[in-house]
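Have a look at the structure below, then the notes.
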Amino acid sequence: MNILVAGGAGFIGSHLIDRMLENGDTVLCVDKLIMGDKNIEHIKGHKNFIFHMIELTDQAKVDQIFRDNNIDIVYHMAANSDIQKGGKDPAIDFNDTFLTTRTLLEGMRKANVKNLFFASTSAVYGELPDVKLTELTGGLMPVSYYGGTKLASEALISSYVSMCDMSAVVFRFPNVIGPRLTHGVVFDFINKLRKNPSELEILGNGMQCKQYIYVKDLIDVIMKLTKELKQEEVIYNIGVNSPGTTVTRIAEITVEELGLDKVKFIYTGGDRGWKGDVPRFTYDISKVLKTGWSPQYTSDEAVRQTVRDAIALGV
């Protein structure tokens, strides 16, 4: 297949491209390289890999990409992935998360490209701590600009699916971790402890509890559920078959894997790390489990493996 991966130089997108190239697909990666090109350096020169550095909100350039290439399916991975950063400037999420969706959908409409995968997020649900979240949970009220623009993107995709007879698979997933991680609590803890192995600042009270999914598990299920698309929009919660991992437990695992002892944990206090953070939620992933997919890593195991990956890579 001829595949367009928007945001393919990012953490998740680069792992997705690796798998596609292994499968023999031709992959066109479009990205503005806000995080640099280190995630795709190893595939530059691959005979089936094409890269274009563009601003994905530039409609004329996106339209040209579609005109020049016979695209079978679009994987929309482009977004602002740093919620804290976006929380300081709403324009970041509006531009990088929502407008990229609008531009890609328009490009698809004009070029008559029918198939889309969209990487959404658990943040669309907002703060519903006492509700087991299913794909049909209503009353969604995101509490971050990131969650809001992802939910708006989902709504826009739904309208294009209906109006243009498209097919779309939407994944709502929590924190994704693994090799090439560039931000987030695991990344931050490793860097903090390398700078000061005797103490560790932990945002909030450490009781924030979320699911962490290992990136290779996520790539497995993306590939499985985008092999054959029907003319509809299908939404899946993607998570793990285990309870979430608290921030304090992440700190403990990181300390253990780094071989440290007597590390003093210093908490900043409060029930969350920053405004817009959702301290805990409960995910129902029964729908995706019925497809036959099951994650290999629990949440705690994903955290531990990610720390080991970072140590092995010297990150």
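The values are calculated or read from the model by the stated rules, or taken from the named source; none is laboratory data. Please read all numbers here as calculations on a predicted model, not as lab measurements. Positions of Cβ are backbone-derived with ideal geometry, glycine not excepted, and every protein chain shown enters the neighbour counts.
Data for the structure
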read-out: Matching option when the condition is in a loop (DSSP other than H, G, I, E, B) and buried (at least 17 other Cβ atoms within 10 Å of the Cβ), among 255, 240; value: 240
read-out: Test: residue in region 166-186 that is more than 22 Å from the chain's Cα centre (by Cα) and either closer than 15 Å to residue 121 by Cα or modelled with pLDDT of 95 or more (or both); value: yes
read-out: Qualifying residue in region 78-87 (condition: at pLDDT 95 or above, in contact with a strand residue (DSSP E or B) (Cβ under 6 Å, 6 or more places away or on another chain), of a type in the set (Gly, Ala, Ser) and farther than 24 Å from residue 280 by Cα); value: yes
read-out: Number of the exception - residue 228 against (1) part of a loop (DSSP other than H, G, I, E, B); (2) touching a His at 6+ places or on another chain (Cβ under 6 Å); value: (2)
read-out: Meets criteria (out of contact with any strand residue (DSSP E or B) (no Cβ under 6 Å at 6 or more places or on another chain) and within 17 Å of residue 146 (Cα to Cα)) for residue 96; value: yes
read-out: Filter result for the condition that a residue is on the phi < 0 side of the Ramachandran plot and part of a helix (DSSP H, G or I), over 156, 181; value: 156
read-out: Selection count, region 77-90, where residues are buried (at least 17 other Cβ atoms within 10 Å of the Cβ) and farther than 22 Å from residue 176 by Cβ; value: 0
read-out: Boolean, residue 106 is over 21 Å from the mean Cα position of the chain (by Cα), surrounded by fewer than 23 Cβ atoms within 10 Å (Cβ to Cβ), among the acidic types (Asp, Glu) and at pLDDT 95 or above; value: yes
read-out: Which listed residue is out of contact with any His (no Cβ under 9 Å at 6 or more places or on another chain) and in a helix (DSSP H, G or I), from 235, 250; value: 250
read-out: From 156, 140, 151, residue being assigned by TED's automatic domain parsing to the domain that holds residue 78, surrounded by fewer than 18 Cβ atoms within 10 Å (Cβ to Cβ), farther than 15 Å from residue 278 by Cα and in contact with a helix residue (DSSP H, G or I) (Cβ under 9 Å, 6 or more places away or on another chain); value: 156
read-out: Matching option when the condition is closer than 20 Å to residue 106 by Cβ, assigned by TED's automatic domain parsing to the domain that holds residue 227 and of a type in the set (Ser, Thr, Tyr), among 57, 26; value: 57
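Rundown of residues vs (1) buried (at least 22 other Cβ atoms within 10 Å of the Cβ); (2) polar (S, T, N, Q); (3) not in a helix (DSSP H, G or I), yes/no style:
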position: 16; (1), (2), (3): yes, no, no
position: 21; (1), (2), (3): no, no, no
position: 27; (1), (2), (3): yes, no, yes
position: 75; (1), (2), (3): yes, no, yes
position: 92; (1), (2), (3): no, no, no
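Quick grid of which residues meet (1) among the acidic types (Asp, Glu); (2) under 26 Å from residue 39 (Cα atoms):
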site	(1), (2)
162	no, no
173	no, yes
181	no, yes
192	no, yes
199	yes, no
206	no, no
211	no, yes
214	no, yes
219	no, yes
